[in-house]
Amino acid sequence: MKLAIGNDHSAVEMKKEIKKYLEDKGITATQYSFSDSNDLSTIATKAASESDVLYVPTDNTAASNTEIINNICQPAGIPVITGEEGICSGCGVATLSISYYDLGVATGKMAVKILNGESDISEMPIEYAPQFTKKYNPTICEALGIEVPSDYVAIGE
């Protein structure tokens, strides 16, 4: 299986970790980058033609141009896994969705530790959202003939 990993200039380490994890599982992972919406179509077309599935992490350019990604990948039969629900709504088949409220609470607790002198920001471990919801896009899954596992929730429900 070949997986394309999309843009997200702010998450270089995340892309490295994803690539390493996938390659340890025997999945070839190639990174494709685009600088703006002008070259997104060309890069998405190339990635779709060379891959079995695309992963698009949270990225502002991708979020603003999901229609371009969907208009390339869906006719080609290439499923897109996304880093967040908004992008998944426009071009994806599935995502792990977080609660931005819960993430804000976790961030607030970290800020309190810093302000109270309990933690040094340069030494604090990275924290993550406390829970995720497996979500899917029913329209695109149906169009691609993807059978969704029962523990996924349709976006919009």
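Sort Glu147, Glu84, Glu17 by accessible area with a 1.4 Å probe, largest first.
Glu147, Glu17, Glu84
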Rel. contact order, % - alpha carbon contacts under 8 angstrom, at least six apart, region 73-157
31
Among 99-110, 71-82, 122-133, how do they line up by average Cβ neighbours within 10 Å per residue, starting with the highest?
71-82, 99-110, 122-133
The ³J(HN,Hα) series, computed from each phi in region 100-114 with the Karplus coefficients 6.51, -1.76 and 1.60 at θ = phi - 60°, rounded to the nearest Hz and given as x for glycine or proline, is 5, 5, 4, 5, x, 4, 4, 5, x, 5, 5, 4, 4, 4, 5
Set Lys and Arg Cβ to +1 and Asp and Glu Cβ to -1, take the dipole of region 76-130 about its Cα centre, and tell me which of Gly86, Gly104, Ala129 lies farthest positive.
Gly86
With both bridge residues required to lie in the chain, what share of the DSSP beta bridges run antiparallel, to the nearest 5%?
25
Could you check which residue among Ala111, Ala143, Ala94 shows the biggest mean-square fluctuation in a GNM of the chain with a 10 Å Cα cutoff?
Ala111
If you work out Cα extents along the principal axes in Å from the coordinates, which of (i) 56, 40, 32; (ii) 54, 33, 33; (iii) 68, 58, 29 do you get?
(ii)
Förster-model FRET efficiency, 41 Å R0, Lys46 and Val112, C-beta, rounded to 0.05:
0.30
Mind counting lysine pairs for me in the chain? Cα separation below 14 Å, and the two need to be 8 or more apart along the chain or on different chains.
4
With +1 at each Lys and Arg Cβ and -1 at each Asp and Glu Cβ, the charge dipole magnitude of the chain around its Cα centre, to the nearest 20 debye, comes out at 220
How high is the relative contact order of the chain, in percent, with contacts defined as C-alpha pairs under 8 Å that are six or more residues apart?
18
Here, Asp39 and Tyr100, labelled 7 Å along Cα→Cβ, have an inter-label distance in nm of 2.9
If amide H atoms are built 1.01 Å from N in the plane of the peptide, which residues on other chains or at least 5 residues away come under 5 Å of the amide H of Asp52?
Lys2, Leu3, Ala4
At R0 = 35 Å the Cβ-Cβ FRET efficiency linking Ile121 and Glu142, nearest 0.05, sits at 0.15
Placed amide H near Lys134: partners under 5 Å, 5+ positions off or other chain:
Ser97, Val153
For Gln31, list long-range residues whose amide hydrogen, built 1.01 Å from N in the peptide plane, is under 5 Å from its own amide hydrogen.
Ile5
To the nearest 10 degrees, how steep is helix 37-50 against the longest Cα principal axis of the chain, on a 0 to 90 scale?
70
Per-residue HN-Hα couplings for region 51-58 [Karplus 6.51, -1.76, 1.60; θ = phi - 60°; Hz; x = Gly/Pro]
9, 8, 7, 10, 10, 10, x, 4
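The values are calculated or read from the model by the stated rules, or taken from the named source; none is laboratory data. Note that the structure is a prediction, hence the values are computed from the model and not measured. Note that each Cβ is placed from the backbone with ideal geometry, even for glycine, and that neighbours are counted across all protein chains shown. Calculation scope for accessible area: heavy atoms of the full protein, side chains included, ligands and nucleic acids excluded. Shrake-Rupley method; radii C 1.70, N 1.55, O 1.52, S 1.80 Å.
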